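Below is one structure; the comments refer to it alone.
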Amino acid sequence: MVTFRLLYKTETEIRYEYYPEDDKNSIAGLIEINVAEDSKYYWYASHAINKINKAYEDGHILEEGMAAWY
C-alpha cells in the first residue's frame, strides 16, 4: 500500500509526495508531473520509469538510457 498527497499544482506542474506503507516517519518520495497537452507524454514517461526501476532493482543506477517497445 502507498499513500500520497498533493503538494502543489500549477498550470505547468503537479507534485505529490508519497509514503510506502503510509510510513510518515520515513522520507517521502516525490512524483512530479509536467503538464503536457499531448497525453502521449505520459505513455513515454511510463516506459522510461519502468526501465529506470528495472535497472535499479538489478543493482544499477542508469545515467542515461533508452526504452523501445515496438
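The values are calculated or read from the model by the stated rules, or taken from the named source; none is laboratory data. Remember, predicted model here, so these are calculated numbers, not experimental data. As a convention, Cβ positions derive from the backbone with ideal geometry for all residues, glycine included, and neighbour counts pool all protein chains shown. Side chains included, ligands, DNA and RNA excluded: accessible areas come from the protein's heavy atoms. Shrake-Rupley method; radii C 1.70, N 1.55, O 1.52, S 1.80 Å.
Of everything in the stretch 37-61 that is at pLDDT 90 or above and in a loop (DSSP other than H, G, I, E, B), the residue that is least open to solvent (accessible area, probe 1.4 Å) is Gly59.
Does Asn53 satisfy the criteria of being in contact with a strand residue (DSSP E or B) (Cβ under 7 Å, 6 or more places away or on another chain) and of a type in the set (S, T, N, Q)? Spell out how you get there, then give the answer.
On the way: in contact with a strand residue (DSSP E or B) (Cβ under 7 Å, 6 or more places away or on another chain): no; of a type in the set (S, T, N, Q): yes.
So Asn53 fails the test.
Applying the condition of being open to solvent by 90 Å² or more (accessible area, probe 1.4 Å) and part of a strand (DSSP E or B) to the stretch 4-24 and asking which residue is nearest to Ala48 (Cα to Cα) yields Phe4.
Quick one: count up the residues across the stretch 25-36 that are open to solvent by 90 Å² or more (accessible area, probe 1.4 Å), closer than 20 Å to Tyr8 by Cβ and either assigned to a loop (DSSP other than H, G, I, E, B) or modelled with pLDDT under 75 (or both). Spell out how you get there, then give the answer.
Filtering the stretch 25-36 down to residues open to solvent by 90 Å² or more (accessible area, probe 1.4 Å) leaves 25, 27, 30.
Filter once more, so that each one left must be closer than 20 Å to Tyr8 by Cβ: 27, 30.
In the following step, the residues that additionally are either assigned to a loop (DSSP other than H, G, I, E, B) or modelled with pLDDT under 75 (or both) were identified as 27.
The qualifying residues number 1.
Does Glu64 satisfy the criteria of being surrounded by 10 or more Cβ atoms within 10 Å (Cβ to Cβ) and not hydrophobic (A, V, I, L, M, F, W, C)? Criteria not met by Glu64. Taking (1) without any contact (Cβ under 8 Å) to a residue 12 or more places away in the chain; (2) loosely packed, with under 10 Cβ neighbours inside 10 Å; (3) not acidic (Asp, Glu) in turn, Met1 satisfies each apart from (1).
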